[in-house]
Amino acid sequence: MKAKAAASSTTRKAIARLGSWGIEVRRGGIPERHDDRPSARLLDIAEQAIPIARRTSMTDISERITAGPRWPDEWPGEHYKLLPALVEVLEAERVIEIGTYQGLAALALLQALPPSGHLATFDIIPWQQVTGHVLRDEDFDDPRLVQYTDDITEPGLFGKHQQLFESADLIFVDTVHDGVQERQIMQLLEATRFTASPVVMLDDIRFLGMERLWRGIKRPRLDMTAFGHWSGTGLIDFS
């Protein structure tokens, strides 16, 4: 495990209240706990990541936004501050983003990635074709950053990048938010033989289709919405 220190029991309990404990009410009103409650590892990661996120500056990234609010430099930063904090706590070197879109999250992840790290960001169209993109050509002069325009849910395309996924330390899933494509991605991840023990960060878990998917995940998971995206941020432990 790469999280650096054990969380105090008091802090763990406080963070756990924010998470999903996978509680199901049976006939008679008796709650039953399942294995999808937060692992000790996720609680450790959350305890360490929150203060790092709080003091992380996104000013350089926010200044690239030419229209609309500059959310990345606001606390809690719409999950943009949390992303580099997770990279730091996990000491992640192999990071995957599924859903490049305008590029804000890619830049946030890159901000904390070590010189020896690698960030692969996936989308179905090149970043230059996205309205309001903040990425620049010179960002890809950095050998740590690469974009793939492959829909990994299409037959055969995940296998093309399978070795990349197998070595991942952190995977950020931010796609169409209907719970359909995300379910396909989760199924692919479940079938992957990881060489590390990645954490998967799932975006928009409070949307209707996504909430159903989130509650159905039978792995240790933690709802980090209070420190992430207004529409939901969830962490999943793939130990």
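The values are calculated or read from the model by the stated rules, or taken from the named source; none is laboratory data. These figures come from a predicted structure and were not determined experimentally. As a convention, Cβ positions derive from the backbone with ideal geometry for all residues, glycine included, and neighbour counts pool all protein chains shown.
Between a residue in the stretch 109-130 that is farther than 15 Å from Asp151 by Cβ and any residue that is acidic (Asp, Glu) and in a helix (DSSP H, G or I), which pairs come within a Cβ distance under 6 Å, given they are 6 or more apart or on different chains?
Correct list of pairs: Ala112/Glu88.
Within the bounds of the stretch 7-24, is there any residue that is at pLDDT below 90, closer than 24 Å to Leu119 by Cβ, buried (at least 19 other Cβ atoms within 10 Å of the Cβ) and not hydroxyl-bearing (Ser, Thr, Tyr)? Spell out how you get there, then give the answer.
First pass over the stretch 7-24, keeping only residues at pLDDT below 90: 7-24.
From what is left, the residues that are closer than 24 Å to Leu119 by Cβ are none.
Within the stretch 7-24, not a single residue is at pLDDT below 90, closer than 24 Å to Leu119 by Cβ, buried (at least 19 other Cβ atoms within 10 Å of the Cβ) and not hydroxyl-bearing (Ser, Thr, Tyr).
Only residues that are more than 23 Å from Tyr80 (Cα to Cα), of a type in the set (Asp, Glu), surrounded by fewer than 17 Cβ atoms within 10 Å (Cβ to Cβ) and modelled with pLDDT of 50 or more: list them for the stretch 25-62, please.
The answer is Asp35, and nothing else.
Can you tell me which residue among Thr131, Thr56, Thr100 is polar (S, T, N, Q) and touching a strand residue (DSSP E or B) at 6+ places or on another chain (Cβ under 6 Å)?
Thr100 is the lone residue from the list that is polar (S, T, N, Q) and touching a strand residue (DSSP E or B) at 6+ places or on another chain (Cβ under 6 Å).
May I ask you to list the residues in the stretch 202-228 that are outside any loop (DSSP other than H, G, I, E, B), out of contact with any Pro (no Cβ under 8 Å at 6 or more places or on another chain) and more than 18 Å from Ser39 (Cα to Cα)?
Passing the criteria: Asp203, Leu208, Gly209, Met210, Glu211, Arg212, Leu213.
Does the stretch 63-71 contain any residue that is part of a loop (DSSP other than H, G, I, E, B), of a type in the set (Val, Ile, Thr) and surrounded by fewer than 19 Cβ atoms within 10 Å (Cβ to Cβ)?
Within the stretch 63-71, one or more residues are part of a loop (DSSP other than H, G, I, E, B), of a type in the set (Val, Ile, Thr) and surrounded by fewer than 19 Cβ atoms within 10 Å (Cβ to Cβ).
Would you pick out the residues in the stretch 131-148 that are hydrophobic (A, V, I, L, M, F, W, C), surrounded by 18 or more Cβ atoms within 10 Å (Cβ to Cβ) and without any contact (Cβ under 8 Å) to a residue 60 or more places away in the chain?
Leu135, Leu145
Looking at (1) surrounded by fewer than 16 Cβ atoms within 10 Å (Cβ to Cβ); (2) modelled with pLDDT of 95 or more, which one does Val176 not meet, given that it meets all the others?
So Val176 meets the others, but not (2).
Yes or no: Arg215 out of contact with any strand residue (DSSP E or B) (no Cβ under 6 Å at 6 or more places or on another chain), touching a residue at least 12 places away in the same chain (Cβ under 8 Å) and of a type in the set (Lys, Arg)?
On the way: out of contact with any strand residue (DSSP E or B) (no Cβ under 6 Å at 6 or more places or on another chain): yes; touching a residue at least 12 places away in the same chain (Cβ under 8 Å): yes; of a type in the set (Lys, Arg): yes.
Yes; evaluated as a whole, the condition is true for this residue.
Name the single residue, out of those in the stretch 149-173 being over 12 Å from Ile98 (Cα atoms) and acidic (Asp, Glu), that is surrounded by the most Cβ atoms within 10 Å (Cβ to Cβ).
My answer is Asp169.
Just checking: which of the strands (runs of 3 or more DSSP E) contained wholly in the stretch 93-198 hold 3 or more residues that are of a type in the set (Ser, Thr, Tyr) and in contact with a Gly (Cβ under 6 Å, 6 or more places away or on another chain)?
Qualifying strands (runs of 3 or more DSSP E): none found.
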